[in-house]
Amino acid sequence: MGFEQIALLGIVGMGAAIDVRTRRIPNVLTFGGTSVALVYHAFLAGLAGLGHSAAGWALGIALFLPMFLLRGMGAGDVKLLGAVGAWLGPMGALWSGLYTVIAGGVLALIVGARHGYLGKAFQNLWVLFGFWRTTGVKPVTGLTLADAPGPRLAYGIAIFAGTLAAVWLKF
């Protein structure tokens, strides 16, 4: 494992640990991790490296931005996946995002079952999809991060697991 992977897993691991403790992922970690990745890749490969890193950042942000705009995910999660993309490039961001969504689904099932909330969670999904089908895709009062009564996920854990899978499997 090289410097890039070690640095990235350190950043994402810290993000997950902080998210578990505080339910927030600090900007100093996400923006700092992104900045170091951009400089690192620019130093190694010049403008091509900077462009590749920036494209990975943009794709990482774009993958989770819709969930943030629907108020179903925090901004720290979006920025953390952006930092992952800055380190791994666009394909790494894409695969990390895919593995993260899978890990997030497993995490949601575990947390929902542990809190006796699984049935209500599936009922909420049914309501959410019905609402979107009839009125369009937009935030649903009572089902956003700010006002949903159910247990919260520290999604940094899923981002760490997804990034670890992408690094381990070499995307």
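Readers should treat all values here as calculations from the given coordinates under stated rules, not as data from a laboratory. Because the structure is a prediction, the values reported are computed rather than measured. A quick note on method: Cβ atoms are made from the backbone with ideal geometry, for glycine too, and the neighbour counts reach across all protein chains shown.
Some values worked out for this structure:
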{"read-out": "Under Karplus coefficients 6.51, -1.76 and 1.60, residue-wise ³J(HN,Hα) of segment 84-89 in Hz, glycine/proline x", "value": "4, x, 5, 7, 9, x"}
{"read-out": "Burial ranking of peptide ranges 76-82, 48-54, 101-107 (average Cβ count within 10 Å, highest at the top)", "value": "76-82, 48-54, 101-107"}
{"read-out": "Crossing angle, helix 118-135 versus the chain [Cα axis fit, 0-90 degrees, rounded to tens]", "value": "90 degrees"}
{"read-out": "Cα gyration tensor of segment 3-168 - equivalent ellipsoid semi-axes, whole Å, descending", "value": "30, 17, 13"}
{"read-out": "Label point 7 Å beyond Cα of residue 48 along Cβ direction - residues of segment 91-113 with amide nitrogen under 20 Å", "value": "91-93"}
{"read-out": "Global geometry of segment 2-88, whether rounded, prolate or oblate, following the gyration tensor of its Cα atoms and the 1.5 cut on a/c", "value": "oblate"}
{"read-out": "³J(HN,Hα) computed for each position of segment 15-25 - Karplus, 6.51 cos²θ - 1.76 cosθ + 1.60, integer Hz, glycine/proline x", "value": "x, 5, 5, 5, 4, 4, 6, 10, 6, 9, 10"}
{"read-out": "For residue 143, net neighbour charge (Lys/Arg +1, Asp/Glu -1) across residues whose Cβ lies under 14 Å away", "value": "+3"}
{"read-out": "Under the Karplus curve 6.51 cos²θ - 1.76 cosθ + 1.60, θ = phi - 60°, whole-Hz ³J(HN,Hα) for segment 51-65, x wherever Gly or Pro sits", "value": "x, 5, 5, 5, 5, x, 4, 4, 5, x, 5, 4, 5, 9, 4"}
{"read-out": "Centre separation in Å (Cα based) which lies between segment 110-154 and segment 31-61", "value": "35 Å"}
{"read-out": "Sequence ranges 143-153, 87-97, 55-65, 15-25, ranked by mean other-Cβ count within 10 angstrom, highest first", "value": "87-97, 55-65, 15-25, 143-153"}
